Structures are given as C-alpha cells and as structure tokens.
Amino acid sequence: MGGAEKWARVSPGHLAAGIPCPMTVGELCVACGICCRGAFFRYALLSDEEVGRLHALGIPTATRRNGQKAIRLGCAALRGTACTLYEVRPRVCHAYFCQLAFRLRDGLVTPEAARQIVAETQAVLAQLEAELPPRAEGDPPSAVERAYQYGLSSGPALLRRAEALFREHYLGPGQP
Ligand code: SF4
Ligand code: SF4
C-alpha cells in the first residue's frame with residue numbers, strides 16, 4: 001500500500017544526519033506487499049468512485065456486512081510483491097503506512113534492516129502457505145486467514161511466529 005511521500009528520497013532522519021536516504025518507502029513496499037496479502041487486515045475500504053474504477057480495471061471488490069465497499073485482501077491487484085495499480089491505487093492504500101514503513105521513512109531503521117525484516121516475514125508466510133491445503137472455492141484469499149481457519153499441520157508455532165513479527169515490526173501503536 002503506501003502514501004505519496006513514500007516516493008520522497010530524503011527522510012527526516014536522514015536529513016537530520018545530512019545524508020540522502022538510500023531507499024524510499026515506495027521501494028520497500030513494492031518489494032514487500034505483505035499488507036496487500038491480507039496479513040494484518042481483511043479489507044481495504046473503498047469509495048463508490050473507486051469501486052467503479054477498480055471494476056473497470058478488472059479488480060473485484062467486496063461488500064462488507066455493514067454495506068461498506070472494499071477490496072478483500074489479499075488483493076487481486078498484487079503481482080508477486082508489487083501493486084499493479086500503484087500509481088492509481090485507492091486512497092486507503094495510498095495513505096497506509098505500516099510501522100516499518102514509518103520507521104524507514106524517519107530513518108529509524110536502515111534499508112538493509114528493513115529488507116531483512118521483510119525477507120524474514122515473507123519466508124515465514126511462505127512456510128505457512130506451504131502447510132495449507134490448496135485454496136478452495138469460498139476460502140479467504142489471505143493465507144493468514146486460512147491458517148486461522150484450518151490450522152497448520154506443524155501446529156500453531158509458525159502462526160505465532162508470524163503474529164510476533166507483525167506485532168514487532170508492522171503494527172504500531174494505534175494499529176490493530
Ligand atoms: S490496490 Fe495495490 S496497494 Fe491496494 S491493496 Fe491492492 S495491491 Fe495493495
Ligand atoms: S507491510 Fe509495510 S512495508 Fe510492506 S507493503 Fe505494506 S506498508 Fe509497505
């Protein structure tokens with residue numbers, strides 16, 4: 001997901017240190033995509049205008065029980081780790097920063113450390129997916145959701161490891 005300032009090349013932290021940021025948050029996000037996979041949230045909320053725009057682009061949307069229109073995560077616009085609609089992604093995607101993205105933007109984590117955290121999380125998610133049965137009709141698109149639904153053949157330890165990574169690195173204060 002991510003905000004417009006993700007493309008800013010200079011972050012406050014790096015600016016204070018007098019050095020250009022060697023990696024933008026946008027660059028991290030297109031190599032990550034973990035939030036778009038539905039690791040933390042089930043839905044990305046949409047306006048009616050965005051629903052029409054996404055449908056025109058062939059991206060399905062959902063309606064929540066309260067009537068709110070949304071993208072059901074994992075998002076169909078994600079290819080690999082990157083959003084295929086990045087330049088025209090919905091407002092909520094544009095505005096969203098996970099804690100890791102904020103920390104990179106503010107120079108509180110190095111690009112190398114951020115990449116390692118993402119790589120570790122992606123590896124845990126890949127292990128988790130490998131333990132799940134093939135996705136059946138009606139299953140949620142998110143592997144994390146399916147892991148809660150079906151459990152994992154190795155037991156809950158891997159899911160707990162994923163949760164710990166989410167809490168430690170992505171879900172900051174005020175986030176679920
Ligand atoms: S539209 Fe793009 S940024 Fe938004 S959830 Fe889908 S893949 Fe992620
Ligand atoms: S989880 Fe964070 S770093 Fe990864 S794509 Fe989402 S906002 Fe970007």
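Just so you know, all these numbers are worked out from the coordinates, no wet-lab data involved. For clarity, every value in this text was computed on a predicted model and none was experimentally measured. Don't worry about glycine lacking a Cβ; one is built from the backbone with ideal geometry, like all the others, and counts go over all protein chains shown.
Would you mind counting up the charge near residue 74? Only other residues with Cβ under 12 Å from its Cβ, with Lys and Arg at +1 and Asp and Glu at -1.
+3
Less than 15 Å Cβ to Cβ from residue 130, Lys/Arg counted +1 and Asp/Glu -1: what total charge do the surrounding residues give?
+2
Which of the peptides 39-47, 143-151 is most tightly packed, and how do the rest follow, judged by the mean count of other Cβ atoms within 10 Å per residue?
Working: 39-47: 19.0, 143-151: 16.9.
Order by mean packing, descending: 39-47, 143-151.
For a quick protection proxy, order the peptides 62-68, 52-58, 29-35 by their average other-Cβ count within 10 Å, most packed first.
29-35, 52-58, 62-68
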